[in-house]
Each structure stands twice: as C-alpha cells, then as structure tokens.
Amino acid sequence: MERIHERLLGKVRLKDLMERQAGSVKGDGLAQVNGLVTDSRRVTPNSAFFALPGLRTNGNNYLQEAIDRGANVIVSETDELELPSGVTGVKVNDSRLALAQFAKRYHGSPDSSIRVVGVTGTNGKTTVSTLVRHLMERPGRPVGLIGTVRYHLGDREVPSFKTTPESADLYALLRSMLVAGCSEAVMEVSSHGIHQSRVASLELEVAVFLNLTRDHLDYHQNMESYFREKRKIFNGDNGSLPKVAVINGDCPYGRRLMEELPPHVQVLSFGSGDHNSFRAKNLNLQSNGSEFIFEGPFGSMMVTSPLIGRYNVMNVLASFAILHALGHSVSDAVRKIGAFEGVDGRMESVERGQDYKVVVDYAHTPDALRNALGMLKECTEGKLHLVFGCGGDRDKGKRLEMTRVACAGADRVWATADNPRTESQINIFKDMRKGLAKGAKVSFVEDRRRAISLALDAAQDKDTVLIAGKGHETFQEVQYTAIPFDDRLVAGELLSAKMLSI
C-alpha cells in the first residue's frame with residue numbers, strides 16, 4: 001500500500017521504474033523521481049528527463065537546461081554523457097520505448113483497470129471515438145476520450161494537444177480518468193503514435209481498424225510501411241494483444257489484417273459485404289442524415305442516424321461493433337444515436353440565413369475529400385463548390401491526387417493555403433497544378449479568407465460550399481508560427497457581412 005500511495009503522490013524510486021527494464025545506471029539507483037519529462041522547459045526538481053531523438057532536433061542538446069532546472073535523472077540512448085555529481089544517468093537502447101515503460105509503471109498501470117478502445121485508420125478516427133463515447137456514457141458512469149479535438153477525463157474536459165499524446169502524458173490522462181470514476185475509455189491511435197512508441201505496451205480491450213488510404217507518406221515512405229505500423233496494435237508487435245479486433249472488412253488492408261492476426265484474437269468485421277459480422281443494407285442517404293437496415297449477429301433493425309454520407313454509415317457500423325465487443329446493448333445504442341450532435345469540424349454546417357449550404361470538414365486526404373464531395377453531391381440540388389489546400393513540408397505526391405479528386409468531384413474549385421508551414425505557397429500550388437483536369441474550373445488564391453469569400457460569392461440558391469482540410473483547427477501553421485484562423489468563424493463572418501449587404 002505504501003508503494004502505491006507514493007506513486008499516486010508522484011514519488012517513486014528509479015529502481016522501481018527500472019524493474020525489468022533493459023538499461024545501465026550510472027549513479028544513484030534509489031534516486032526519487034517526481035515526474036517524467038521530455039521537454040526541458042517543463043522540468044521541475046527531481047524530474048527524470050528523457051532525451052528523445054527527433055526529426056529536427058535531439059533531446060541530448062537540452063541536457064544542461066534540464067539539469068539546471070532540477071532534473072536528477074537523465075535517460076538517453078548514449079552512454080557518453082558527462083553528468084554532474086548528484087545526477088543519475090540511465091543508458092537505454094530505445095529512449096521512446098523506455099519512456100512508455102517508465103510511464104506505465106510511474107502512473108500505476110491505469111490501462112489494467114480501464115477497458116481501453118484504440119481506434120486507428122486514415123479517416124474517421126475522431127468521429128468513431130466521439131460517437132462511441134456518446135453511446136456508452138450513462139449518468140454516473142463517465143467514459144474517457146483521447147483524440148484530435150479534445151480529451152474527456154471523466155470529471156473535466158481539456159483541449160487536445162496531440163491526437164495520440166506522448167506516453168508520459170497518455171498514462172497520466174488514463175490515471176486521471178481512473179480517479180474520476182471511468183472504467184472505459186476510447187482513444188485515437190495514430191500511425192505516428194505507434195511508430196514513436198507512445199502506445200507501447202498499452203493494454204487494449206478492443207483495437208479498431210477503420211481504413212487505410214494515402215496519407216503521411218512523407219513520414220512512412222510507402223503504404224506497406226504505413227500498414228505495418230497500424231498492424232502493430234493488433235498482432236502483438238506493440239507489446240500486447242487486444243482481446244477483440246474490430247476491422248473494416250470492405251477495406252483491402254482490413255481483409256489482409258484479418259488474415260495476419262493471431263488465431264486467438266476475436267475478430268468482428270463491419271461493412272456492406274455479406275461476409276461481415278455487422279452490415280448495412282438498403283441505405284437511404286439524405287441531406288440531414290441517413291437511414292439503413294443494420295444486420296448483426298442478433299438480427300436486424302432500422303437505424304436513423306444524424307450523420308450524413310455513406311462513409312459515416314461505416315463509422316456508425318464500426319461504433320456498433322465496438323459496443324458489442326464491450327458487451328454493451330447495441331439496441332440501446334440504436335435508440336440513442338439520434339441524439340448525437342456530431343463532431344467539431346466534421347461536416348459542420350455554418351448557417352447565417354443564406355439560401356445555400358456551407359459545410360466545414362476536416363477532409364485532408366484524397367480519400368476523405370473524395371468521400372466528402374461524393375456525399376455532398378448526392379444531397380445537393382445545385383452546384384458543389386470547393387475550397388481546399390495542401391499542407392507544406394508534407395507528402396508532395398498527395399497534392400496532385402488531391403487536385404484530381406477536387407476536379408472530379410466539384411463544379412468549381414478554389415485552391416488555397418492550408419498550413420504551408422515553411423514551404424512557399426507558390427511551390428505547393430506548382431505541385432497541385434499537376435493534377436488539374438482539362439476544362440476544370442479551378443482558381444488558385446493564396447489567401448484562404450479570400451478564397452472562402454470568392455466561393456461564397458459564387459454560390460447560389462440550392463448550391464453547397466465545402467470548405468475542406470482544417471475542420472476544427474483554429475490556426476494556420478506558417479513558418480513555425482500558429483496564426484489564428486478558424487474556417488467556421490471566417491465563413492460565419494463573411495456570410496453575416498454578405499447577408500447585411502443584400
């Protein structure tokens with residue numbers, strides 16, 4: 001009990017954190033550790049500082065700052081560190097993996113007491129995780145959430161700072177949920193998070209695979225590497241096996257994943273094909289939602305969902321499969337889904353009394369943009385206008401593909417800035433122009449606010465304007481600076497001004 005009490009107070013000995021941990025110690029193995037830190041600016045006295053390798057910098061460059069701020073333990077992949085008296089050095093083979101293992105022990109392995117659902121896939125993670133939390137939560141029984149938009153900790157909500165947090169933050173969040181009374185939590189698991197060992201050894205009750213399409217190839221290099229990262233949370237390469245795998249059986253990568261799973265992992269598949277455990281039939285897609293017949297192991301029932309679009313039917317199916325895997329009533333979920341208010345920046349309407357529809361969506365991959373345009377095309381009587389861009393310092397090959405999708409799916413397109421980062425907008429446009437289709441109506445406008453204004457000017461009665469790429473984000477990344485910019489606020493301001501001028 002004393003050891004647990006000390007851990008809950010944030011006090012634990014290095015020796016206890018290093019239990020079964022491969023690594024060599026130079027200094028005091030009984031040093032008390034009061035926190036695990038990866039940013040030297042966040043170091044407090046008696047912290048253990050982990051010198052993580054990075055794409056642009058290395059934690060070893062900030063050792064002196066960490067020591068000056070009071071770090072008494074330094075964990076690094078190099079054993080050539082010259083540390084002052086009173087500072088213990090720990091040499092490990094993989095500092096990110098070591099951080100995850102230390103963090104799990106430091107926070108008392110909260111994932112052993114909370115049933116955690118990990119949702120991965122190129123598109124749909126935020127919608128599915130948010131919907132699952134909504135469907136599971138009951139009065140007096142909070143459900144935790146870790147995702148792109150926000151973190152729900154059971155007794156409070158905080159803004160998200162990373163889709164999948166660093167392991168030190170992740171286990172701290174899970175412990176906070178446990179203290180607040182959560183027995184279940186849903187989290188988004190990104191491929192970056194898997195590759196960087198942020199979820200290493202995390203115990204997942206249910207692992208969910210939604211889809212895999214082109215994205216992050218600037219990081220993963222090719223689709224095979226991208227798939228293998230996702231696969232790690234299903235096949236044990238991440239350190240543990242899930243009890244249940246919920247997998248999109250309509251996705252080629254999903255079918256491959258099912259074939260490569262260990263035989264003792266239970267699989268629940270979802271999709272439109274008859275081979276799936278959970279199926280959607282007789283889809284009726286409308287401008288304000290969708291209806292379909294839901295078929296599962298327990299029979300069939302009619303579902304009326306407020307989420308629009310064919311791909312959101314798949315997200316609903318995935319959510320029902322997750323609830324079934326956890327032992328929740330799917331019938332109750334079918335009744336409750338009508339009260340779901342949606343997700344910030346996902347097919348979010350902006351209304352200011354105009355006679356055409358304006359929608360903001362996070363679609364920033366070719367497949368997500370294709371899905372969004374296809375869905376809006378089905379429920380738009382007039383023309384479909386699109387504002388979109390491609391990020392700087394990222395997968396350049398995706399840019400021409402995005403433009404091809406835009407030209408094929410929209411009647412009129414405004415290409416503009418979307419987090420140019422350190423890259424010139426002219427160069428980004430140059431890559432995007434390679435995907436132009438003959439006869440397509442595409443305007444290239446560097447200023448995003450101006451591009452949105454022009455699209456709204458062009459819209460007429462019964463048209464739809466889709467502003468894609470940023471969704472819930474409230475900034476533009478330019479030269480390492482976050483400049484305030486919210487598509488929803490900007491569209492609302494422009495619409496209000498245009499309505500006043502009528």
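Note down the nm distance, to one decimal, between modelled labels 7 Å out along Cα→Cβ at residue 481 and at residue 223.
Placing both labels 7 Å beyond Cα along the Cβ direction yields 4.0 nm.
Taking the alpha-carbon centroid of each part, what is the distance from region 166-212 to region 447-470 in angstrom?
Spelled out, the Cα-based centre of one part sits 37 Å from the other.
Please list the non-local residues whose amide H lies under 5 Å from the amide H of residue 465, H modeled 1.01 Å from N, same-chain partners needing a gap of 5 or more.
The list, which skips near neighbours in sequence, is 357, 358, 359, 385.
Given the options 339, 360, 408, identify the residue whose Cα lies farthest towards the positive end of the charge dipole of region 336-443 (+1 on Cβ of Lys, Arg; -1 on Cβ of Asp, Glu).
So the residue we want is 408.
As a test of understanding, state the convex hull volume per residue of region 45-162 from its alpha carbons, in Å³.
157 Å³
Could you work out the relative contact order of the chain? I mean the mean sequence separation of Cα pairs under 8 Å and 6+ apart, divided by the number of residues, in percent.
About 10 percent, as a whole number.
Compute the length gained on full extension between residue 449 and residue 85: take 0.36 nm times their separation in residues and subtract their Cα-Cα distance, giving the result in nm to one decimal.
125.4 nm
At a Cα cut-off below 25 Å, give the lysines reachable from residue 430, other chains included and same-chain residues fewer than 8 away excluded.
Straight-distance partners of residue 430: 396, 398, 438, 441, 470.
What Kirkwood hydrodynamic radius do you get for region 110-339 when you take the inverse of the mean 1/r over all pairs of distinct Cα atoms, in Å?
17.6 Å
Starting at the first residue of region 145-158, write each ³J(HN,Hα) from the Karplus equation 6.51 cos²θ - 1.76 cosθ + 1.60 with θ = phi - 60°, in whole Hz, x for Gly and Pro.
In residue order, the calculated couplings are 8, 10, x, 5, 8, 7, 10, 9, 10, x, 10, 7, 10, 10 Hz.
Charges only on Cβ, +1 for Lys and Arg, -1 for Asp and Glu: so what's the dipole of the chain about the Cα centre, in debye to the nearest 20?
Charge dipole, the chain, about its Cα centre: 360 debye, nearest 20.
Sorted by average packing, counted as other Cβ atoms within 10 angstrom per residue and highest first, what order do 253-265, 162-174 take?
Those peptides, ordered most packed to least, come out 162-174, 253-265.
With an 8 Å cut-off on Cα pairs and a minimum separation of 6 or more residues, tell me the relative contact order of region 2-106 in percent.
It rounds to 27 percent for region 2-106.
Classify region 334-389 as rounded, prolate or oblate, taking a ≥ b ≥ c as the square roots of the eigenvalues of its Cα gyration tensor: rounded when a/c is under 1.5, otherwise prolate if a/b is larger than b/c and oblate if not.
Oblate.
Given H placed on each backbone N at 1.01 Å, which residues far from residue 277 in sequence or on other chains put an amide H within less than 5 Å of it?
Here 269, 270 satisfy the definition.
Output ³J(HN,Hα) for region 415-430: one whole-Hz value per residue in order, computed from phi by the Karplus curve 6.51 cos²θ - 1.76 cosθ + 1.60 with θ = phi - 60°, and x for Gly and Pro.
Once θ is set to phi - 60°, the couplings for region 415-430 become 8, 8, 7, 8, 6, x, 6, 9, 9, 6, 5, 4, 5, 5, 4, 4 Hz.
Calculate the length of the line joining the C-alpha centroid of region 220-262 to that of region 303-362, in whole Å.
25 Å
Taking the Cα centre of region 348-501 as origin and charging only Cβ (+1 Lys, Arg; -1 Asp, Glu), how large is the dipole, in debye to the nearest 20?
I would put it at about 600 debye.
³J(HN,Hα) across region 453-470 via Karplus (A = 6.51, B = -1.76, C = 1.60, θ = phi - 60°), whole Hz, x for Gly/Pro?
Per-residue couplings from phi come out as 4, 5, 5, 5, 4, 7, 6, 10, 3, 6, 7, 10, 10, 9, 9, 10, x, 10 Hz.
Compute the orientation-averaged projected area for region 348-501 from the convex hull of its Cα atoms and round it to one decimal in nm².
Its Cα hull, projected and averaged over all orientations, spans 8.2 nm².
Please list, ordered by chain and number, the residues whose modelled amide H lies under 5 Å from the amide H of residue 475; skip anything fewer than 5 residues away on the same chain.
Amide H neighbours of residue 475, under 5 Å, 5+ apart: 485.
Once fully extended, how much extra length lies between residue 426 and residue 42, figured as 0.36 nm per residue of separation less the alpha-carbon to alpha-carbon distance?
Working it through step by step, the gained length comes to 134.5 nm.
Which part of region 221-244 falls in the paramagnetic zone of residue 265, meaning amide N under 20 Å from the point 7 Å along Cα-to-beta-carbon?
223-244
Hey, what number do you get for the chain at 222 nm if only DSSP H runs of n ≥ 4 count, each worth -39500 (n - 2.57), divided across all residues, to the nearest 500?
-10000 deg cm²/dmol
Mind giving me the nanometre distance, one decimal, between the label points for residue 26 and residue 201, set 7 Å out from Cα along Cα→Cβ?
2.4 nm
Can you give the net charge of the other residues whose Cβ lies under 14 Å from the Cβ of residue 304, counting K and R as +1 and D and E as -1?
With Lys, Arg at +1 and Asp, Glu at -1, the net is +1.
Taking a quarter of the surface of the convex hull around the Cα atoms of region 2-106, what do you get in nm²?
Answer in nm², one decimal: 6.2.
Got a sec? Charge dipole of region 55-203, +1 on Cβ for Lys and Arg, -1 for Asp and Glu; which of 194, 93, 61 is way out at the positive end?
Positive-end residue among those listed: 194.
Run the simple label-point estimate for residue 237 and residue 150 please: 7 Å along Cα→C-beta, distance reported in nm.
Roughly 3.5 nm, to one decimal.
Every read-out reported here was derived from the displayed coordinates using simple, explicitly stated rules and does not represent laboratory data. Remember, predicted model here, so these are calculated numbers, not experimental data. We place every Cβ from the backbone using ideal geometry, glycine too, and count neighbours over all the protein chains shown.
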